[in-house]
Amino acid sequence: MAVQEGAKYLEKHYGGSGILLGGVPGVAPGRVVIIGGGVVGTNAAKMAAGLGAHVTILDISLERLRYLDDVMPANVDTAYSNRYNILDQISTADLVVGAVLLPGAKAPHLVKRADLKRMKPGSVIVDVAVDQGGCVETIKPTTHENPTYFVDGILHYAVANMPGGVPRTSTLALTNATLPYGLTLARLGWKDACRRDPSLALGLNVVDGKVVYPGVAEAFGLALVDVKSVL
Ligand SMILES: NC(=O)c1ccc[n+]([C@@H]2O[C@H](COP(=O)([O-])OP(=O)(O)OC[C@H]3O[C@@H](n4cnc5c(N)ncnc54)[C@H](O)[C@@H]3O)[C@@H](O)[C@H]2O)c1
């Protein structure tokens, strides 16, 4: 959805710069910069590449970049995610997609407010990581009713529940993945289910007021309790 929404808000009447991501013969395609090459970033890259845009994916995992370089089409480049490359890439981007995740922790602010001045007026930021605090400093959560706002001439889209815009598809997709866990929890109860299935135990964040997930403890400066001691 990040690219679908981004392409829409690049249209002039929404306040965007009036760029068609795919370009046309004789007019260059738009540039899409994706920060974070995980599930969200990879699918955004597939969508943007399919439209014909020029795409760059930034990530800090070299293993991930190698994989993406192997499987992505020729209009997708990869770049190591560091301050220099981020500033370099956003200065020519039409659409920036934020798709960074530090599991269980707040997303790092990789694009600062001052950096927006380097971007082209009317370019669009879709920060999908907004549900974890966002990887763009100027991001604040928005809703489907009122999805966008401007900061320094850059259009920000930050709907915290983007799949809610396509509930028919997203509910079926989510249920396919979660129903087996739900059935195990219903059959065994949460404690026994987490004891038997380590992947469920990994989902525990707080038990009886004790934080058992390292990223959450670190993000909120709270003591960490070993998950095994509460099972
Ligand atoms: N707004 C919404 O509706 C919505 C929907 C789905 C997911 N999300 C959010 O989108 C974000 C991404 O989710 P995902 O499933 O793709 O996660 P993921 O774990 O699959 O991918 C995250 C990627 O970020 C990379 N990363 C970490 N630090 C980085 C850095 N400094 N620079 C560049 N890359 C970095 C990781 O190496 C990883 O490849 C999460 O915050 C998730 O909660 C939001």
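Nothing in this text is a laboratory measurement; each read-out follows from the coordinates by a stated rule. As the structure is a prediction and not an experimental result, all values here were calculated from the model. All Cβ positions, even for glycine, are placed from backbone atoms using ideal geometry, and neighbour counts span all protein chains on display.
Looking only at residues of segment 143-155 that are free of Cβ contacts under 8 Å to residues at least 40 places away in the same chain and in contact with a helix residue (DSSP H, G or I) (Cβ under 8 Å, 6 or more places away or on another chain), we find that the one that is farthest from residue 110 (Cα to Cα) is 144. Quick check on segment 35-44. Is at least one of its residues of a type outside the set (Val, Ile, Thr) and farther than 21 Å from residue 156 by Cα? Yes, segment 35-44 has at least one match. Within segment 190-231, the set of residues being among the polar types (S, T, N, Q) and under 26 Å from the mean Cα position of the chain (by Cα) comprises 199, 205.
Selection over segment 77-134 of residues that are more than 9 Å from the ligand (Cβ to nearest atom), under 29 Å from residue 222 (Cα atoms) and in contact (Cβ under 8 Å) with a residue 60 or more places away in the chain gives a count of 4.
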